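First up is the structure itself, then whatever we jot down about it.
The values are calculated or read from the model by the stated rules, or taken from the named source; none is laboratory data. All values derive from a computational prediction rather than experimental measurement. Quick reminder, even Gly has a Cβ in these numbers, built from the backbone with ideal geometry, and neighbours come from all protein chains shown. Heavy atoms of the whole protein, side chains included, go into the accessibility calculation; ligands, DNA and RNA do not. Shrake-Rupley method; radii C 1.70, N 1.55, O 1.52, S 1.80 Å.
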Amino acid sequence: MFQVGDKIVHPMHGAGVIDEITTKRINGVTRDYYILKLPVGGMLVMIPTESSEEIGVRPVMGAGEVDKLLEALPEIKVESDPNWNRRYRENMTRLKSGDLLEVARVMKGLMLRDGERGLSTGERKMLHSARQILISEIVMSEDSSYEDVEQRIDLALAQ
């Protein structure tokens, strides 16, 4: 169980800090919730404490892991299924996994596709989400600025 002040990651929203743990009654069911405050946009996410592990909530990675991830970015292999629907589902599964390497794979694949053919509105939103998830976790892990992390990721992808 996490505590107030812990830095955690929600697979679909990115990293944030537990602002509070509260009990709420929703649809007749009383549950405890983590209130996760995300640094980007100041969004608050309510996560049921009892199902947080099932959702894929985990602690923010360590600074050493960030360096390994950034070093691995240029080497990530991406496959792009020509079928839009299948490609979208595969990318969504990767995002939901919570694995930052898979999130980076989605981001890199969509960036390459955007440069070649352009992206649909759904894929453009997915690219934005993947970038936010990746950047937010690195920002929380290293207490870096958003712009600095964005630059480091772009540099790593350009190699």
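If I compute solvent accessible area with a 1.4 Å probe over the protein chains, what percent of it on the chain is carbon and sulfur?
Here it works out to 50 percent.
Which trypsin sites (Lys or Arg not before Pro) from the stretch 13-89 combine a DSSP loop assignment with at most 10 other Cβ atoms within 10 Å?
Here the trypsin sites (Lys or Arg not before Pro) that fit, given the DSSP loop and packing criteria, are Lys77.
Evaluate the relative contact order of the stretch 28-144 (contact order divided by residue number), counting alpha-carbon pairs under 8 angstrom at least 6 apart; express in whole percent.
Over the stretch 28-144, the number comes to 26 percent.
Rounding to the nearest 20 debye, state how big the charge dipole of the stretch 32-159 is about its Cα centre with +1 on each Lys and Arg Cβ and -1 on each Asp and Glu Cβ.
Approximately 640 debye in magnitude.
Please compute the length gained on full extension between Val17 and Glu53, using 0.36 nm multiplied by the number of residues separating them and subtracting their Cα-Cα distance.
11.3 nm
Would you list, by chain and number, the lysines whose Cα falls below 18 Å from the Cα of Lys68, excluding same-chain residues fewer than 8 positions away?
Cα-Cα hits under 18 Å: Lys77, Lys108.
Go ahead and set up a Gaussian network model of the chain, Cα springs under 10 Å, then flag whichever of Ala63, Ala104, Ala130 fluctuates most.
Answer for the Gaussian network model of the chain: Ala63.
In degrees between 0 and 90, to the nearest 10, how far off the longest principal axis of the chain does helix 84-97 point, with axes built from Cα atoms?
For 84-97 against the chain, the angle is about 50 degrees.
Just Gly64, Gly41, Gly16 to compare: in a GNM of the chain, with alpha carbon springs under 10 Å, which one fluctuates most?
It is Gly41.
Based on the Cβ-Cβ distance of Arg31 and Leu157, what FRET efficiency does E = 1/(1 + (r/R0)^6) give at R0 = 30 Å, to the nearest 0.05?
0.15
Kirkwood Rh, the stretch 49-91, all Cα pairs: how many Å?
For the stretch 49-91, the Kirkwood estimate is 13.6 Å.
Jot down the per residue volume, in cubic angstrom and as a whole number, of the convex hull over the alpha-carbon atoms of the chain.
123
Below 18 Å, Cα to Cα, which lysines can Lys24 reach? Residues fewer than 8 away in the same chain don't count.
Result set, ordered by chain and number: Lys37.
Glu71 to Met46: extension gain in nm, 0.36 nm per residue of separation minus the Cα-Cα distance?
The span from Glu71 to Met46 would gain 5.7 nm if fully extended.
For the stretch 1-62, what D do you get in µm² per second when you plug the Kirkwood radius from alpha-carbon pairs into Stokes-Einstein at 10 °C and 1.306 mPa s?
136
Indicate the gyration tensor shape class of the stretch 23-99 (rounded, prolate or oblate), computed on the Cα atoms with a ≥ b ≥ c the square roots of the eigenvalues: a/c under 1.5 is rounded; otherwise a/b larger than b/c is prolate and the rest oblate.
Cα axes put the stretch 23-99 in the oblate bin.
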